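> Supplied in structure tokens, the structure appears directly below.
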Amino acid sequence: MMFRSPTFKHRHMARLLLLASAVVPGHAFAQAYALTPPVFEVVDENLVSMMSGRTQIQVPLVTIGGLTFKTANTTGIGLNSVYDDNYGRVISCLTPTQYGGSPGMVGECAGGTQYPTVQAILGAERSNFSYINGQYIPEQNTGETLVDANNGYCTWTRKDGTQIIYYDSSPGDPVCSAGNVAKVIAPNGKITDYHYYGSASTTPYLPILSLTSNDGFMLKYNYPSTPAIGAQSSVVGINRAFQACDPDALTCATSLAWPTGTIAFQAGSGGLEINKVVMTDQKQQKYIFGLDYNYRLINYRPPGADVPLYSYLLCSRGYYDPNTLTTTTYDCGAPGPGFYYNLWNVPEPPFDSVTTVTKNGQTWLYGGELSTVGNYPSYMQWTRRSTSPLGIVKSAVGSSTPNDWRMGATGGMSDGTGTSYGFAASLNNPLVYQTNADGGHLEFGYDGRNNVTSISQYPSSGSAPALVRTASYPGSCTNMKTCNQPDYFIDANHNRTDLTYDANHGGVLTETGPAVNGIHPQKRYTYVQRYAWYLSSTGVMTKETRPIWLLNSESHCISGAPAASGTGCSLANDEVVTTYDYGPDSGPNTLLLRGRAVTWNGQTRRVCYGHDRNGNKIWESAPNAAPASCPAY
């Protein structure tokens, strides 16, 4: 048998398919060239935050189609209540004395200016705005906006153009106040709608019945009795292309098995553990939280552990033992500035905090204090630190006084291994340097909207020149879907890449690289609006009325220059085009990527993807010339 060596054309087509296989577009478009500071952990190995000194554990119980039920910080789980990151609101912050408030670190947030201040919240994301002369001015120069259109809604628009729309619970008040999210709109048009138990437009702080998205997915909250915030017993992820469910109904009778997370409240095992919460995720993994009499987390058993792996000793509150009818207190140390007295007349810091963690028979010690710093006027500085059994000390420091220019909310952090982080003393409070254990360090530069414009990497020796990467952003911001993405990027070798974006959704239109043999290579992208098809509440297959922008194609030239017209190449048979298949305009269709086809020199090779009903990719075909389209699910 004779084997023939593949021709250049076939080798090139195979290489293109291999490269394209790594590109699986989703509903959002990546900012591949945006400079970002390093990701560093503020939650330590014992799940304790170095910023607050409290435990910070989040459990993703159910995920489907981009919708997620993820528990919020489990510190302070209330009686039969587990909150999640899908809730949001707009609250009034503490305002200065001339507006009826008092200065200091009190309440959920504190106003940083002399004007009334509100905080927009969605899960763990927060942003403060000062209400000045009828407008909301962001305290941080991020370009974000908050608008009260006096139509019953307030809208928080984040840096990337995502809109969080709230029901205004006090429409007659000039300052927005909101307890319920109406919907979240992503830049590409994906919409998450909120459904509540009760009239969300008139009654704040209602329990969620379901979340639905305009690509056909749902999270259904189930309650053991009358719905209440945080009291859900289970959450179910549903693909509405295959299961009808009324999002406003208390329950749905499902005929198929769907990803489910459950939450059970049980009696504790004794001692300080009075109650416990057992969470089971969609993979049947169990997360067990032991709570004291005040519903504070005192031990945690992650999946795979037979007994609690983490034991927490907390300060700041007394513990009442109903068995002995006695009250004891946790050791909080001597009172310092910022302490006050609780119902047991015990001095405590503003928040519950961890003093000791025991894990695998070893002990970590935690501490911190509030102290007065500076003069004329002075301000409050917080410090947190932990000491491991090996004597490794981690620490963080920052300001507790709003709007003080001498130190930002975070001043600095040290991970105990020789790496430290420093932050600008401003309301923007960005990371400005990172020092490594070997003596090398990174410096970060920013524009007026807190976009990273430069990262300079200095070697440990100090003699070699710094490696510098830079990015440029538009000077003004009229469209947040595009203005916080870089116009161009220059790498450490001084190679420049220019980018343009679609104003409708912020997706990249062109990516023009540095010259190679006098030719600037360019990738071009096109997009298409598509509509999902799924079952209505009554079981009728229905076309969604609100489209979503999806990546339609990307193209580039192999060796020649791109055509000046904006499409095609200057040389014949030089263009490679990859097109993406999301299925027909009929149902069922939740707009999952079904396949991609690479075309060059008159030849097309197609790869198809298969999914289960939950939207998970479960198979992928080899590249071939057929079929003309890819099957569904």
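> Give 559, 586 a once-over and let me know the one that is over 27 Å from residue 490 (Cα atoms), of a type in the set (Gly, Ala, Ser) and outside any strand (DSSP E or B).
On the way: 559 fails: over 27 Å from residue 490 (Cα atoms).
When all the criteria are applied, what remains is 586.
> Would you check which residues across the stretch 589-622 are among the hydroxyl-bearing types (Ser, Thr, Tyr) and either assigned to a strand (DSSP E or B) or touching a helix residue (DSSP H, G or I) at 6+ places or on another chain (Cβ under 8 Å) (or both) and list them?
Residues of the stretch 589-622 that are among the hydroxyl-bearing types (Ser, Thr, Tyr), as a first pass: 590, 599, 604, 609, 621.
Matches in the stretch 589-622: 599, 604, 609.
> Filter the strands (runs of 3 or more DSSP E) completely within the stretch 424-519 down to those with at least 2 residues that are in contact with a strand residue (DSSP E or B) (Cβ under 9 Å, 6 or more places away or on another chain) and of a type in the set (Ser, Thr, Tyr).
The strands (runs of 3 or more DSSP E) meeting that bar are 431-435, 452-458, 467-472, 496-501, 508-512.
> Quick one: how many residues across the stretch 601-629 are within 25 Å of residue 569 (Cβ to Cβ) and either acidic (Asp, Glu) or touching a Pro at 6+ places or on another chain (Cβ under 8 Å) (or both)?
Number of matching residues: 3.
> Could you tell me how many of the residues in the stretch 203-225 are polar (S, T, N, Q) and touching a Phe, Trp or Tyr at 6+ places or on another chain (Cβ under 8 Å)? Give the derivation first.
So in the stretch 203-225, the residues polar (S, T, N, Q) come out as 203, 210, 212-214, 222, 225.
From the residues that got through so far, the ones that are touching a Phe, Trp or Tyr at 6+ places or on another chain (Cβ under 8 Å) too are 210.
Counting residues in the stretch 203-225 that are polar (S, T, N, Q) and touching a Phe, Trp or Tyr at 6+ places or on another chain (Cβ under 8 Å) gives 1.
> Would you confirm whether any residue within the stretch 398-411 is surrounded by fewer than 17 Cβ atoms within 10 Å (Cβ to Cβ) and not hydrophobic (A, V, I, L, M, F, W, C)?
If we filter the stretch 398-411 for residues that are surrounded by fewer than 17 Cβ atoms within 10 Å (Cβ to Cβ), which is where we start, we get 405-406.
From what's left, not hydrophobic (A, V, I, L, M, F, W, C): 406.
Yes, the stretch 398-411 contains at least one residue that is surrounded by fewer than 17 Cβ atoms within 10 Å (Cβ to Cβ) and not hydrophobic (A, V, I, L, M, F, W, C).
> Tell me, please, whether a residue that is at pLDDT 55 or above, more than 30 Å from the chain's Cα centre (by Cα), crowded, with 18+ Cβ neighbours inside 10 Å and not in a strand (DSSP E or B) can be found in the stretch 297-313. Explain how you work it out, then say what you get.
Keep residues of the stretch 297-313 that are at pLDDT 55 or above, which gives 297-313.
Imposing the further condition that a residue be more than 30 Å from the chain's Cα centre (by Cα) reduces the set to 306-307.
In the following step, the residues that additionally are crowded, with 18+ Cβ neighbours inside 10 Å were identified as none.
No, the stretch 297-313 contains no residue that is at pLDDT 55 or above, more than 30 Å from the chain's Cα centre (by Cα), crowded, with 18+ Cβ neighbours inside 10 Å and not in a strand (DSSP E or B).
> If you check every pair at least six apart or on different chains, which have Cβ atoms under 7 Å apart with a residue in the stretch 449-463 that is at positive phi first and a residue that is of a type outside the set (A, V, I, L, M, F, W, C) second?
Between residues of the stretch 449-463 that are at positive phi and residues that are of a type outside the set (A, V, I, L, M, F, W, C), the close pairs are 450/140; 450/141; 450/142; 450/428; 450/430.
> Among the residues of the stretch 524-546, write down those that are under 29 Å from the mean Cα position of the chain (by Cα) and either outside any loop (DSSP other than H, G, I, E, B) or acidic (Asp, Glu) (or both). Show your work before the answer.
Residues of the stretch 524-546 that are under 29 Å from the mean Cα position of the chain (by Cα), as a first pass: 524-534, 544-546.
Selection gives 524, 525, 526, 527, 528, 529, 530, 533, 534, 544.
To keep it simple, each residue is scored yes or no on (1) at pLDDT below 90; (2) outside any strand (DSSP E or B); (3) within 27 Å of the chain's Cα centre (by Cα).
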position: 112; (1), (2), (3): yes, yes, yes
position: 170; (1), (2), (3): yes, yes, no
position: 174; (1), (2), (3): yes, yes, no
position: 192; (1), (2), (3): no, no, yes
position: 201; (1), (2), (3): no, yes, yes
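> Against the definition (more than 26 Å from the chain's Cα centre (by Cα), crowded, with 16+ Cβ neighbours inside 10 Å and either free of Cβ contacts under 8 Å to residues at least 24 places away in the same chain or at positive phi (or both)), how does residue 498 come out, yes or no?
On the way: more than 26 Å from the chain's Cα centre (by Cα): yes; crowded, with 16+ Cβ neighbours inside 10 Å: yes; either free of Cβ contacts under 8 Å to residues at least 24 places away in the same chain or at positive phi (or both): yes.
So residue 498 fits the description; yes.
> Let me ask something else. So residue 570 ticks every box in (1) buried (at least 20 other Cβ atoms within 10 Å of the Cβ); (2) closer than 30 Å to residue 494 by Cα but one. Which box is left unticked?
(1) is the only condition that residue 570 fails.
> Would you check which residues across the stretch 531-567 are modelled with pLDDT of 95 or more, of a type in the set (Gly, Ala, Ser) and under 15 Å from residue 509 (Cα atoms) and list them?
Scanning the stretch 531-567 gives 553, 555.
> For the stretch 217-291, which strands (runs of 3 or more DSSP E) that fit wholly inside it have 1 or more residues that are within 23 Å of residue 312 (Cα to Cα) and touching a Ser or Thr at 6+ places or on another chain (Cβ under 8 Å)? I'd like the intermediate steps shown before the answer.
Values: elements: 217-222, 234-239, 260-270, 273-280, 286-291.
Per the criteria, 260-270, 273-280, 286-291.
The values are calculated or read from the model by the stated rules, or taken from the named source; none is laboratory data. For clarity, every value in this text was computed on a predicted model and none was experimentally measured. With ideal geometry, Cβ positions are generated from the backbone for all residues, glycine too; neighbour counts draw on all protein chains shown.
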